Amino acid sequence: MSLVARNILLDKEDYRLRVERLVAERGDYLVILGPSGAGKTLLLRTLAGLERPRRGEILLNGQRIDHLPPEERGFALVPQDYALWPHMTVLENIVYPQAVRGVPRKEAEERAEHLARRLGIERLLDRKPSTLSSGEQQRAALARALAVKPRVLLLDEPLANLDPGARQAGRRLLSTIHREEKITVIHVTHSIIDALVLATRVAYLEAGRITCTCTPREFTRTSWARPYLDELEAVKNL
């Protein structure tokens with residue numbers, strides 16, 4: 001699914017997002033890097049339809065979707081805090097978004113159980129989110145997102161809440177999901193390692209503007225990679 005955002009202008013309180021062009025081709029794993037306050041989450045929410053730009057276009061396979069509400073775009077957003085519904089079990093969290101789309105209960109539960117097995121959380125289906133570790137919550141949130149068979153998967157700092165060991169496991173999981181589901185992914189992060197391990201393309205966002213789009217290796221040779229030099233050293237030990 002080719003996703004294009006162009007000439008986006010959005011004012012949010014005292015912040016301005018101005019994106020001339022952002023492209024994720026079908027099957028891309030696009031990582032959006034940038035410093036804190038650059039507008040990464042705001043851009044992701046705009047793509048998802050949770051924020052409405054003052055002007056600009058968002059196209060999916062050549063068709064404008066910026067006028068559509070979030071539920072009609074066919075995207076799934078995993079926010080940084082995972083946003084699992086606390087009063088529901090893991091199974092109910094995965095089933096519910098399918099149910100509101102009209103999927104029969106039995107079929108929704110079968111898909112939830114299938115995804116839980118794939119993500120290694122089948123033993124957690126009867127648990128509430130508050131009893132899960134951060135890594136378990138991440139997997140439950142991914143299962144919920146994948147359950148609706150999204151056209152584009154939007155990830156907001158999905159590994160930020162994990163300890164280093166769980167973060168490496170999380171990268172392997174995301175790589176497997178991308179490869180097996182053949183899904184277009186847009187992933188915002190502060191981590192250059194996430195980009196080098198996962199991305200097919202990298203976009204750099206600074207002060208609300210995309211300043212660079214290239215391959216991960218090309219990015220490491222740009223001036224925008226300088227803030228990540230210490231983290232780049234750690235890549236040698238991966």
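I want to confirm something. Restricting to segment 82-95 and keeping residues that are assigned to a helix (DSSP H, G or I) and free of Cβ contacts under 8 Å to residues at least 40 places away in the same chain, which single residue is surrounded by the fewest Cβ atoms within 10 Å (Cβ to Cβ)?
As a first pass, look at segment 82-95 and keep what is assigned to a helix (DSSP H, G or I): 90-95.
Filter once more, so that each one left must be free of Cβ contacts under 8 Å to residues at least 40 places away in the same chain: 91-92.
Working: LEU91: 21, GLU92: 18.
Step by step, filter segment 82-95, then rank; the result is GLU92.
Has segment 158-165 got any residue that is hydrophobic (A, V, I, L, M, F, W, C), more than 30 Å from GLU72 (Cβ to Cβ) and crowded, with 21+ Cβ neighbours inside 10 Å?
No, because not a single residue in segment 158-165 is hydrophobic (A, V, I, L, M, F, W, C), more than 30 Å from GLU72 (Cβ to Cβ) and crowded, with 21+ Cβ neighbours inside 10 Å.
Of the residues LEU17, LEU42, LEU91, LEU3, which single one is not assigned by TED's automatic domain parsing to the domain that holds HIS187 and not charged (D, E, K, R)?
Checking each option against the conditions leaves just LEU91.
Go through segment 4-25 and give me each residue that's touching a residue at least 60 places away in the same chain (Cβ under 8 Å) and charged (D, E, K, R).
ARG16, ARG18, GLU20, ARG21, GLU25
Among the residues of segment 192-227, which ones are out of contact with any strand residue (DSSP E or B) (no Cβ under 8 Å at 6 or more places or on another chain) and either farther than 20 Å from ARG21 by Cβ or surrounded by 16 or more Cβ atoms within 10 Å (Cβ to Cβ) (or both)?
ILE193, LEU196, VAL197, ARG217, THR220, ARG221, SER223, ALA225, ARG226, PRO227
Among the residues that make up segment 64-75, is at least one of them among the aliphatic types (A, V, I, L, M) and surrounded by 21 or more Cβ atoms within 10 Å (Cβ to Cβ)?
no
Residues THR131, THR215, THR184, THR200: which one is modelled with pLDDT of 95 or more, within 13 Å of the chain's Cα centre (by Cα) and over 24 Å from GLY37 (Cβ atoms)? Don't jump to the end; show me each part of the working.
Working: THR131 fails: within 13 Å of the chain's Cα centre (by Cα); THR215 fails: within 13 Å of the chain's Cα centre (by Cα); THR200 fails: within 13 Å of the chain's Cα centre (by Cα).
Of THR131, THR215, THR184, THR200, the one residue that is modelled with pLDDT of 95 or more, within 13 Å of the chain's Cα centre (by Cα) and over 24 Å from GLY37 (Cβ atoms) is THR184.
Tell me the residue from THR176, THR184 that is in contact with a Gly (Cβ under 7 Å, 6 or more places away or on another chain) and closer than 30 Å to PRO104 by Cβ, please.
Checking each option against the conditions leaves just THR184.
Do you know which of the residues in segment 47-75 that are part of a strand (DSSP E or B) and not charged (D, E, K, R) is farthest from ILE32 (Cα to Cα)?
Going through segment 47-75, the residues part of a strand (DSSP E or B) turn out to be 55-60, 63-64, 75.
Next cut, not charged (D, E, K, R) only: 56, 58-60, 63, 75.
Numbers: GLY56: 19, ILE58: 17, LEU59: 18, LEU60: 18, GLN63: 23, PHE75: 17 Å.
Result: GLN63.
ILE186 - would you say it is at negative phi, of a type in the set (A, V, I, L, M, F, W, C) and not in a strand (DSSP E or B)?
no
Which residues, taken from segment 158-183, are in a loop (DSSP other than H, G, I, E, B) and out of contact with any Ser or Thr (no Cβ under 6 Å at 6 or more places or on another chain)? Before the answer, list the steps.
Here is the first cut: in segment 158-183, the ones in a loop (DSSP other than H, G, I, E, B) are 158-163, 182-183.
Residues satisfying the conditions are PRO158, LEU159, ALA160, ASP163, LYS182, ILE183.
Hey, can you tell me all the residues within segment 1-54 that are surrounded by 15 or more Cβ atoms within 10 Å (Cβ to Cβ), under 18 Å from PRO150 (Cα atoms) and basic (Lys, Arg)?
ARG45
Among the candidates ARG139, ARG117, single out the residue that is under 18 Å from the mean Cα position of the chain (by Cα) and outside any loop (DSSP other than H, G, I, E, B).
On the way: ARG117 fails: under 18 Å from the mean Cα position of the chain (by Cα).
Just a single option satisfies the conditions, and that option is ARG139.
The values are calculated or read from the model by the stated rules, or taken from the named source; none is laboratory data. This one's a predicted model, so the numbers in the text were calculated from it and none came from an experiment. All Cβ positions, even for glycine, are placed from backbone atoms using ideal geometry, and neighbour counts span all protein chains on display.
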